[in-house]
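Here the structure comes first, spelled out in structure tokens, and everything after it is commentary.
The values are calculated or read from the model by the stated rules, or taken from the named source; none is laboratory data. Just so you know, these numbers come straight off a predicted model, no measurement behind them. Here the Cβ positions follow ideal geometry from the backbone for every residue, glycine too, while neighbour counts run over all protein chains shown. When the accessible area is computed, the model is the full protein with side chains, heavy atoms only, and any ligands, DNA or RNA have been set aside. Shrake-Rupley method; radii C 1.70, N 1.55, O 1.52, S 1.80 Å.
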Amino acid sequence: MMFHFFRRNPSNRSIAALYGTIVAQARAAPFYRSYGVPDTVNGRFEMVVLHAVLVLQRFESEPAPVRSLGQALFDWFCADMDGSLREMGVGDLAVPARMRKIGEAFYGRQAVYTAALAAPDRGPLAAALARNVFGAEDASALGAPRLAIYVRAAADELSAQDAQALGRADLHFPDPEGIAASVETRSRGAAT
């Protein structure tokens, strides 16, 4: 019974690769350098959640076999968070309570980001990002408007990708540095 955890499973490799791509994108230096995302445990957590939500939202529009990857991806996220808490020295008795808070945070952000992405303008998304990622109440604070542009571009790019390719972990996000540079160029052009 317990040995099923040790079997090599192609879908486990795909989920591991998908999650690895999400984490790598969330840790991309431009987010912390050009967008002003706090380079802290919380800032990195917020970026992982944000990218996972974008991928899960993409899976929602697909048939059941592809949608089921979403649950597997969320399970992988939870296992990673559990392991990270333990590595940071959180005691065994405190881990379940912390995991409950992480789950609540994830589902809360998923609901807010999904609703904000459905809005016709970037205002609600920038406000949600300012509050969650930057810890600010003002949507124009820090890099929230710039990050909202990136998030819209990422959602658009993910929606254009083939679902079967996503299932094989062939996942692509836009270049955050390129988006930050184009925003900067546009804002300089508007100022002159």
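The residues listed here are V90, V48, V66; of these, the one that is modelled with pLDDT of 90 or more and of a type outside the set (D, E, K, R) is V48. Kindly indicate whether Y113 is aromatic (F, W, Y), surrounded by fewer than 17 Cβ atoms within 10 Å (Cβ to Cβ) and under 20 Å from N42 (Cα atoms). Criteria not met by Y113.
Checking the stated criteria, V41 turns out not to satisfy the condition of being modelled with pLDDT under 90, under 23 Å from Y107 (Cβ atoms), open to solvent by 10 Å² or more (accessible area, probe 1.4 Å) and among the β-branched types (V, I, T). Reported count of residues in the range 155-183, each being among the hydrophobic types (A, V, I, L, M, F, W, C) and part of a helix (DSSP H, G or I), is 9. Taken as a whole, the structure leaves V90 outside the set of residues that are closer than 21 Å to V151 by Cα and touching a helix residue (DSSP H, G or I) at 6+ places or on another chain (Cβ under 7 Å). Residues of the range 47-58 that are crowded, with 21+ Cβ neighbours inside 10 Å and either acidic (D, E) or touching a residue at least 60 places away in the same chain (Cβ under 8 Å) (or both): M47, V49, L50, H51, V53, L54, V55, R58. When the range 92-119 is filtered for residues that are without any contact (Cβ under 8 Å) to a residue 12 or more places away in the chain and either farther than 24 Å from A153 by Cβ or touching a Phe, Trp or Tyr at 6+ places or on another chain (Cβ under 9 Å) (or both), the ones remaining, listed by number, are D92, L93, A94, P96, A97, R100, K101, E104, Y107.
Okay, residues lined up against (1) farther than 24 Å from E104 by Cα; (2) buried (at least 19 other Cβ atoms within 10 Å of the Cβ):
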| residue | (1), (2) |
| --- | --- |
| N132 | no, yes |
| A136 | no, no |
| A144 | no, yes |
| L147 | no, yes |
| D156 | yes, no |
| Q161 | yes, no |
| G167 | yes, yes |
